[in-house]
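Novice: Following this message is one structure expressed as structure tokens.
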Amino acid sequence: MLVGAHLSKGSLDSDIRETGSEISQIFVSNPRGYQSPNLDVLSMIKSPNPIYIHLPFLVNPASVNAEVRAKSLDLILATDQISDPRLYGIVIHGGQGGKDSTINEAIDRWVKLFNGVKLKNKLLIENTAGGNAAPGKNIATHIELVQKLSKYNNIGICYDTCHSFASGSDNFLLDLERYSKEFEKVDLIHLNDSKDKCNSNRDRHELLGAGEIGMDMLKSIVKRAKIEQINIILETPGNNSLWRDEIKRVKSL
């Protein structure tokens with residue numbers, strides 16, 4: 001099990017050193033747009049540590065809007081052009097179908113969009129905190145989406161604790177057991193506390209132990225991650241000093 005943080009792309013090598021990150025997660029394009037990725041970002045990072053890329057938040061293969069789906073696929077494919085042995089996966093949210101959609105329709109849009117697509121890197125689909133017709137809002141539909149896509153492509157799972165809590169889960173170990181019945185294991189965990197109560201459907205991350213989830217539940221999933229050798233990325237609000245302390249805390253559990 002390796003532990004690290006989501007870092008800015010300003011001075012990544014120094015951020016990795018200062019936080020003590022064994023792995024890191026970064027954006028390679030504007031997180032709130034559809035701009036083309038900077039394919040040279042990874043080559044500028046000298047650290048040999050594994051890296052995950054997080055796609056921008058607007059990427060939404062489940063969208064009812066055909067232009068959004070097309071832009072999303074273009075950005076996914078452009079990011080997938082990155083070839084680096086340190087790249088362990090590209091993270092994408094499960095997306096939202098919109099107020100006039102069903103979850104089944106949202107999943108069908110994903111499947112149709114990826115028909116004929118062959119990815120070089122593993123695409124890790126992340127569960128979501130809420131939203132109408134959101135395939136990642138509950139474990140069952142998240143599993144269904146990954147199963148349908150992984151029949152034809154290189155697909156995995158990213159599990160976010162804040163998102164799961166916000167969507168109504170109060171037992172992270174049970175969640176992991178449900179995934180493990182269908183897949184070898186979860187590929188990556190985003191370890192975050194939540195500013196809001198369970199089933200709030202609000203995606204607001206908090207420092208570990210400072211939110212509504214609390215350390216007991218977070219400890220339980222860290223211990224399981226150690227057993228199953230699942231890497232952990234922190235997306236908690238903070239800075240290099242806080243992330244260094246949190247990484248040490250997680251490693252010591």
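Novice: So how far apart, in nm, are the two label points at residue 147 and residue 185 if each is 7 Å from Cα heading toward Cβ?
Specialist: 2.2
Novice: Follow-up. For segment 1-61, what percent of Cα pairs sit more than 15 Å apart?
Specialist: Cα-Cα pairs of segment 1-61 separated by over 15 Å account for 48 percent.
Novice: While we're here: Show the residues, 5+ positions off or on another chain, whose built amide H is closer than 5 Å to the amide H of residue 87.
Specialist: So residue 87 has HN proximity to 51.
Novice: Can I ask one more? If I take every Cα pair under 8 Å that is 6 or more residues apart in the chain, average their sequence separation and divide by the length, what percent do I get for the relative contact order?
Specialist: Normalised by residue count, the contact order of the chain is 18 percent.
Novice: Could you tell me what percent of the DSSP beta bridges with both partners in segment 95-253 are antiparallel, to the nearest 5?
Specialist: In segment 95-253, DSSP labels about 15 percent of beta bridges as antiparallel.
Novice: Please compute the length gained on full extension between residue 251 and residue 132, using 0.36 nm multiplied by the number of residues separating them and subtracting their Cα-Cα distance.
Specialist: 39.2 nm
Novice: Might you report the magnitude of the Cβ-based charge dipole of segment 3-252 about its Cα centre, with Lys and Arg at +1 and Asp and Glu at -1, to the nearest 20 debye?
Specialist: Taking the Cα centre of segment 3-252 as origin, the dipole is about 260 debye.
Novice: If you scale each eigenvalue of the Cα gyration tensor by 5 and take the root, what three semi-axes come out for the chain, rounded to whole angstrom and sorted largest first?
Specialist: 26, 23, 16
Novice: Also: Restricting to DSSP loop positions (anything but H, G, I, E, B) with no more than 11 other Cβ atoms inside 10 Å of their own Cβ, which trypsin sites (Lys or Arg not before Pro) remain in segment 146-224?
Specialist: Sparse-neighbourhood loop trypsin sites (Lys or Arg not before Pro): 151.
Novice: Continuing with the same structure: Using Stokes-Einstein with the Kirkwood hydrodynamic radius over Cα pairs, what translational diffusion coefficient do you get for segment 1-123 at 25 °C and a viscosity of 0.890 mPa s, in µm²/s rounded to a whole number?
Specialist: D = 160 µm²/s.
Novice: Using a 10 angstrom cutoff on alpha carbons, build the Gaussian network for the chain and name the most mobile of 70, 129, 62.
Specialist: Checking each option, the largest mean-square fluctuation is seen for 70.
Novice: For residue 156, what residues show an amide H to amide H distance below 5 Å, using hydrogens built from the backbone and excluding near sequence neighbours?
Specialist: Residues meeting the criterion, in which the H sits 1.01 Å from N, are 123, 124, 125.
Novice: Hey, another quick one. Report the one residue of 107, 23, 77 whose Cα lies farthest in the direction of the positive end of the charge dipole of the chain (charges on C-beta: Lys and Arg +1, Asp and Glu -1; origin at the Cα centre).
Specialist: 77
Novice: Under a GNM of the chain (C-alpha, springs under 10 Å), which listed residue has the highest mean-square fluctuation: 116, 95, 211?
Specialist: Most flexible of the set in this elastic network: 116.
Novice: When the gyration tensor of segment 69-198 is built from Cα positions, what are the square roots of 5 times its three eigenvalues, in whole Å, from largest to smallest?
Specialist: The three semi-axes for segment 69-198 are 23, 18, 14 Å.
Novice: Still on this structure, please answer the following. For labels at residue 202 and residue 115 in the simple 7 Å Cα→Cβ model, what's the distance in nm?
Specialist: According to this spin-label approximation, the distance is 4.1 nm.
Novice: Hey, another quick one. Would you calculate the separation in nanometres between label points at residue 36 and residue 99, each defined as 7 Å from the Cα along the Cα-to-beta-carbon direction?
Specialist: 3.7
Read-outs throughout are calculated quantities, based only on the coordinates presented, and are distinct from any laboratory measurement. It should be emphasised that the depicted structure is a prediction, and the values quoted were computed from it without experimental measurement. So basically every Cβ, Gly included, is an ideal-geometry build from the backbone, and we count neighbours across all protein chains shown.
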